[in-house]
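A.B. asks: Pasting a structure here, questions to come.
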Amino acid sequence: MFNSLRLFIGVTASRFAFRKARNPIIAFGDTIPSSSSLLIIMPFAPSLPPALAPVLSAFSGRFDERSITVLAPGGRSSVDRVLPSSRIIPIDPHEMSTWYLPPKKVIAQVAQRQYQLAVDLNLDNILPSGYICKASGARVRVGFASRYADVFYNFQVRLDPSSPRGHAYDRLMECLRMFFPDEDV
């Protein structure tokens, strides 16, 4: 129960922090394909899930690696093989505030660049990654549909509850391929 209260306070604080941020009406069909900078928020897991390697490879084929920023628990080692030229911002999941909000130093590092596309690869309702995604200021913020997803993302990938979780990243890539028909994303 205490964790539920902490999560509720964290979400309420997030809503308050972003209360003046309005989502402009955008055409995803124009905005996503013309995006030239990308923020990827890796899952808050101890190691890189094998299903993510093809996703990261697809992004590296679509974007110049120097325009990709990766927020990665564990730092560079978790994504270095796939995106060696990308900017890596390490994050320690244990540094979150009492209300599950990310450290201010991480938000400051993310804010050093402007992003047109931000993709949160966490499958669960993870408040810190959603908060970082919204704080990035990216025009398109992609995440998986969940209870509080509407607070943080303007493009949500809905998963079939009967489908195995391992297919979630395939579903994400299917959704993004709609906007890049001629490319292998």
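A.B. asks: In the neighborhood of PHE152, defined by Cβ-to-Cβ distances under 12 Å, what is the net charge if each Lys or Arg adds +1 and each Asp or Glu adds -1?
C.D. replies: Once positives and negatives cancel, what remains is +2.
A.B. asks: How do MET96, MET173, MET178 line up, fewest other C-beta atoms within 10 Å first?
C.D. replies: MET178, MET173, MET96
A.B. asks: Then there's this: Could you tell me which of rounded, prolate or oblate describes the chain, using a ≥ b ≥ c as the square roots of the eigenvalues of the alpha-carbon gyration tensor, with rounded for a/c under 1.5 and, failing that, prolate when a/b is larger than b/c and oblate otherwise?
C.D. replies: rounded
A.B. asks: I've got another one for you. Let me make sure I get this right: for the stretch 96-145, a, b and c are the square roots of the gyration tensor eigenvalues over alpha carbons, sorted descending. Under 1.5 in a/c it's rounded, otherwise prolate if a/b > b/c, else oblate. Which is it?
C.D. replies: oblate
A.B. asks: Measure nothing but the geometry: give the 0 to 90° angle between the long axis through the Cα atoms of 52-62 and the longest principal axis through the Cα atoms of the chain, rounded to 10°.
C.D. replies: 60 degrees
A.B. asks: Which listed residue (GLN156, ILE26, ILE126) has the Cα farthest towards the positive end of the charge dipole for the stretch 2-177, taking +1 on Lys and Arg C-beta and -1 on Asp and Glu C-beta about the Cα centre?
C.D. replies: Highest projection toward the positive end goes to ILE26.
A.B. asks: Between ILE88 and residues 5 or more places away or on another chain, which pairs have amide H atoms under 5 Å apart, with H built 1.01 Å from N, and which residues are they?
C.D. replies: VAL70
A.B. asks: Sticking with this one: Within a 10 angstrom radius of the beta carbon, how do THR12, THR69 rank from fewest other beta carbons to most?
C.D. replies: The fewest-first ordering by Cβ neighbours comes to THR12, THR69.
A.B. asks: Let me ask something else. Let me spell out the model: positive unit charges on the Cβ of Lys and Arg, negative unit charges on the Cβ of Asp and Glu, origin at the Cα centre of the stretch 71-185. What dipole size does that give, in debye rounded to 20?
C.D. replies: Magnitude of the dipole: close to 400 debye.
A.B. asks: Can you put PHE144, PHE28 in order, fewest other beta carbons within 10 Å first?
C.D. replies: Exposure proxy ranking, most exposed first: PHE28, PHE144.
A.B. asks: So, with +1 on the Cβ of K and R and -1 on the Cβ of D and E, and no other charges, what is the size of the charge dipole of the stretch 45-104 about its Cα centre, to the nearest 20 debye?
C.D. replies: 120 debye
Coordinate-derived values only; no laboratory data. Here the structure is a predicted model, which means the values were calculated and not measured. Reconstructed Cβ throughout: ideal geometry from the backbone, glycine too, with neighbour counts over all protein chains shown.
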